[in-house]
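Please treat every number below as a calculation from the coordinates, not as lab data. Not measured: the values here are computed from a predicted model. Positions of Cβ are backbone-derived with ideal geometry, glycine not excepted, and every protein chain shown enters the neighbour counts.
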Amino acid sequence: MSSVVTKQSEKLDASKQAADVDDIDECEATDIDEEKSDKYEMMESRADVPEQDREEMEEIINVFDGLENQYKLMEKIGEGTFSSVYKAEDLKYYDYINDWDIDSKGLTNQPTLEGSSNEGAISPIKRKPKFVAIKKIYATSSPMRILNELEILYLLRGIDTIAPLITALRNEDQVLLILPYYQHTDFRQFYSNFSYKEMSAYFRCLFSALTACEAMQVMHRDIKPSNFLFNVERKHGVLVDFGLAEHCSLPVPKNCPCASSDTANLARESYKDYEPALGYVKNDTRPSKRANRAGTRGFRAPEVLLKCPVQTTKIDIWSAGVILLSFLTKRFPMFNSKDDVDALMEIACIFGKNEMRQVAALHGCAFETNVTTLTEKRVNFRKLILWASCGSASIYKEKLMHKPSIEESVCLDFLERCLELDCNKRITACEAMAHDFLYLDDPTFPFSFQRNDANLDKPRFNSPSMENDSTETTQHFSRILKDGEDNDSSMQEISDLKRKRPSDSIDGNL
Ligand SMILES: Nc1ncnc2c1ncn2[C@@H]1O[C@H](COP(=O)(O)OP(=O)(O)OP(=O)(O)O)[C@@H](O)[C@H]1O
């Protein structure tokens, strides 16, 4: 497959391109020499870039020889646990086919291919600078982890709500992922004043991304506002950061009651007979429960907190529900626990002890607490939201007396389905795409509103065979990440990889 991909995404031959493309190549050829003479010029021109960020960008340019001819690093835009992200101008954008670029869809500023007409092509002078996000993965990340992120990004190519990988570069232990740059609005600027319609648009994009992940059996594991880049003006969002993502189809021991409907039903029933023994076993010989708990505090699903070994894509639905709860309560972060026990207690404050015992039994655990303020029964979501968002007791009481609007009811129903403690009963992303809440901004809602249900059970994109893809991608990227290669050959591999855009190969050319 890799050779096919190479062919499709080959740099466009200058002779095959329109005259204006040739013109720009010549201009760039002269520019390159000038750029080389002072590779840091672009950073000096930005006095507002902090000294430390400037140093980091200089280091990247030093490590990746020739990078400055491809990308003009501008500023640091994000920093996480595993990476730093920089905005850069894509200096060679117009030399390549850029099918991944949602901005370019329907525009005629793409270079033309052999045999195609150049009519309507935009002259070089009108070309806008194009930007990418360069994600520098810290050298402390294991190669397997980086490979996993690359592999999953490759698998999820071609979906306009998931940030695609443009290319990846490696030099020794330094790895850069090049992604399109998405102009977005900080969550803190809009979460407290979004209307139901705006929330609907936000979650339709998010759930479209989650539907794609679900179809590929990929758990993102880190769904949170900073990983969903939403552009308020365009009402469009993209999911980023698959650094913790994981396949849930991998064989795991099904040693959790939730894994089969028989044992799950038994657990749901038997929790009532559980008699808590006071104290704890002094010399407990039972093996400790182990499971992947990767994620961000406050967004972990109950099954993650209860260390269920059979986690599925439902964990992401819970996290999306937590984001919706933030919108509705106008509180962010909604949960802020320091550890998993605290996190379970925060959830118990809403769901009550009775449901917590049930969900604990579903994952082979027992839930016991001596915190007297916890109630047996759950708190009604509407009451919780009004209490948290109203500001005063009198407004709360007044609002509570009013019947909820259709929009509010639909939204509350969606919230309950996402924040369902029992992962087996929680809504799937595909089912969520059929929920009225995701169509509130439809002009005909709710009068003559009709969803096109015919397509809702189908993933809205091509689904290449995961097994084959996964294997080939693993081979492809593991070569890039393989240790012990000399610098030249690894850089050669990297340049081979350059511009092998996954989305190029999705439309039936494999
Ligand atoms: N393609 C992009 N376009 C614009 N900004 C981006 C892009 N990718 C990442 N960012 C910004 O960089 C931040 C960190 O990126 P990312 O989440 O991929 O890194 P991380 O190290 O895994 O972070 P965390 O530990 O917080 O999950 C994002 O929250 C976002 O603000």
Among His236, His363, rank each residue by its count of other Cβ atoms within 10 Å, from fewest to most, as a rough exposure measure.
His236, His363
First select every other residue whose beta carbon is under 13 angstrom from the beta carbon of Ala393; then total the charges, Lys and Arg +1, Asp and Glu -1.
+2
Run the numbers for Ser405 and Lys128: contour at 0.36 nm per residue of separation, minus the present Cα-Cα distance, in nm.
95.2 nm
Based on the mean of other Cβ atoms within 10 Å per residue, sort peptides 165-175, 398-408, 49-59, 219-229 so the most packed one is first.
219-229, 165-175, 49-59, 398-408
Extension gain Asn380-Ser195, at 0.36 nm per residue separation less the Cα-Cα distance, in nm?
64.5 nm
Extended-chain gain in nm, criterion 0.36 nm per residue less alpha-carbon gap, Asp65 and Lys235
57.4 nm
When only DSSP loop residues count, what trypsin sites (Lys or Arg not before Pro) in the range 411-444 have their Cβ near at most 15 other Cβ atoms within 10 Å?
Lys425
Efficiency by 1/(1 + (r/R0)^6): what FRET value for Glu269 and Ser104, r their Cβ-Cβ distance, R0 = 51 Å, to the nearest 0.05?
0.35
Which residue, chosen from Ala348, Ser326, Thr313, occupies the Cα position most advanced towards the positive end of the dipole of the range 313-365, where the dipole is computed from +1 (Lys, Arg) and -1 (Asp, Glu) charges on Cβ about the Cα centre?
Ser326
